[in-house]
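Following: one structure in structure tokens, then a few remarks.
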Amino acid sequence: MIETRVKVDGMMCGMCEAHINDAVRRALPVKKVSSSHSRGETVILSGDAPDEQVLRDVIGAAGYEVKSVSSAPHRKKGFLGLF
């Protein structure tokens, strides 16, 4: 599983978050996508790293500006079983 973090400029509210999430889901094969206007970030979980140019085009067409894109293997957070 790959986690892609996209820094996005222009999100102002929860509707902006939903707008970006819907656009990404329609254009790319993702497992999960979530956006935060307060952090200015969209996080995508997918089987493979998404095509950066497609991601930039999709978010740009939705009316927002992509500042940066970074992908890395996803690490589950939480309990590590250390008892």
Self-check item: From the options 74, 37, residue that is at pLDDT below 95, on the phi < 0 side of the Ramachandran plot and in contact with an Asp or Glu (Cβ under 6 Å, 6 or more places away or on another chain)
Solution: 74
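Could you grab me the full set of residues in the stretch 1-44 that are aliphatic (A, V, I, L, M), out of contact with any Ser or Thr (no Cβ under 6 Å at 6 or more places or on another chain), surrounded by 15 or more Cβ atoms within 10 Å (Cβ to Cβ) and not in a helix (DSSP H, G or I)?
Let us first name the residues in the stretch 1-44 that are aliphatic (A, V, I, L, M), namely 1-2, 6, 8, 11-12, 15, 18, 20, 23-24, 27-28, 30, 33, 43-44.
Then keep just the ones that are out of contact with any Ser or Thr (no Cβ under 6 Å at 6 or more places or on another chain); that gives 1, 11-12, 15, 18, 23-24, 27-28, 33.
Right, trim to surrounded by 15 or more Cβ atoms within 10 Å (Cβ to Cβ) and you get 11, 23-24, 27-28, 33.
Within the stretch 1-44, 11, 28, 33 qualify.
Filtering the stretch 55-76 down to residues that are part of a helix (DSSP H, G or I) and touching a Leu at 6+ places or on another chain (Cβ under 8 Å), which residue is surrounded by the fewest Cβ atoms within 10 Å (Cβ to Cβ)?
Quick first cut of the stretch 55-76, residues part of a helix (DSSP H, G or I) only: 55-61.
Checking the rest, the ones that are also touching a Leu at 6+ places or on another chain (Cβ under 8 Å) come to 55, 58.
Values: 55: 22, 58: 20.
The extreme case among them is 58.
The values are calculated or read from the model by the stated rules, or taken from the named source; none is laboratory data. It should be emphasised that the depicted structure is a prediction, and the values quoted were computed from it without experimental measurement. Cβ: placed from backbone, ideal geometry, glycine included. Neighbour counts: every protein chain shown.
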